[in-house]
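**Q** Structure incoming, see below.
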Amino acid sequence: MKIIVVCGAGASSTFVAVKLRSAAAARGLQVDVAAGSASQLGSLAGVDVVLVGSHLEAAVPALRERAVATGTAVAVLPPLSPAALDGSSALDLALSAKAGAR
């Protein structure tokens with residue numbers, strides 16, 4: 001499963017991506033997690049889930065429109081600081097979003 005985490009500048013998403021990788025490894029799940037800024041988000045081809053920082057929620061409708069063509073799920077992370085966000089919760093959100101996109 002490929003997950004992309006996006007935030008405004010890319011710093012917070014990197015922190016969340018590290019936590020996601022650790023949570024997936026602890027569960028024995030194979031995931032490819034990338035991080036970046038919303039402005040860097042290119043093609044969604046091959047991407048299963050995009051996790052969006054809550055501060056970018058206004059951009060989600062347009063992102064969901066883009067995601068329809070590739071079957072990519074889009075979910076908004078809870079409004080917590082990246083330091084407070086639990087990687088397991090973020091992984092659960094991604095898995096749930098992917099299941100709901102089917």
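Any read-out appearing in this document is the output of simple, stated calculations on the displayed coordinates, not a laboratory observation. This one's a predicted model, so the numbers in the text were calculated from it and none came from an experiment. We place every Cβ from the backbone using ideal geometry, glycine too, and count neighbours over all the protein chains shown.
**Q** Full-extension gain between S96 and R64, please, as 0.36 nm times their residue separation minus the C-alpha to C-alpha distance.
**A** Full-extension gain reported as 9.9 nm.
**Q** Further, regarding this structure: How far apart, in nm, are the 7 Å Cα→Cβ label points at S39 and T14?
**A** According to this spin-label approximation, the distance is 1.6 nm.
**Q** To continue, here is another question. Which parts of the stretch 29-53 would a label at S89 reach, counting a residue when its backbone N lies under 19 Å from a point 7 Å out along Cα-to-Cβ?
**A** Under 19 Å, as judged by backbone N against the label point of S89, lie 50-53 of the stretch 29-53.
**Q** Right, another one. I need to check one value: relative contact order of the stretch 5-60, counting alpha carbon pairs closer than 8 Å and at least 6 residues apart, in percent.
**A** RCO, the stretch 5-60: 50 percent.
**Q** Let me ask something else. Could you work out the pair-distance distribution P(r) of the chain from its alpha-carbon pairs, with 10 angstrom bin width and percents rounded to whole numbers?
**A** 17, 56, 26, 1
**Q** Show me, bin by bin at 10 Å from 0, the whole-percent P(r) of the stretch 1-60 based on Cα pairs.
**A** Over the stretch 1-60, the share of Cα pairs per 10 Å bin runs 24, 54, 21, 1 percent.
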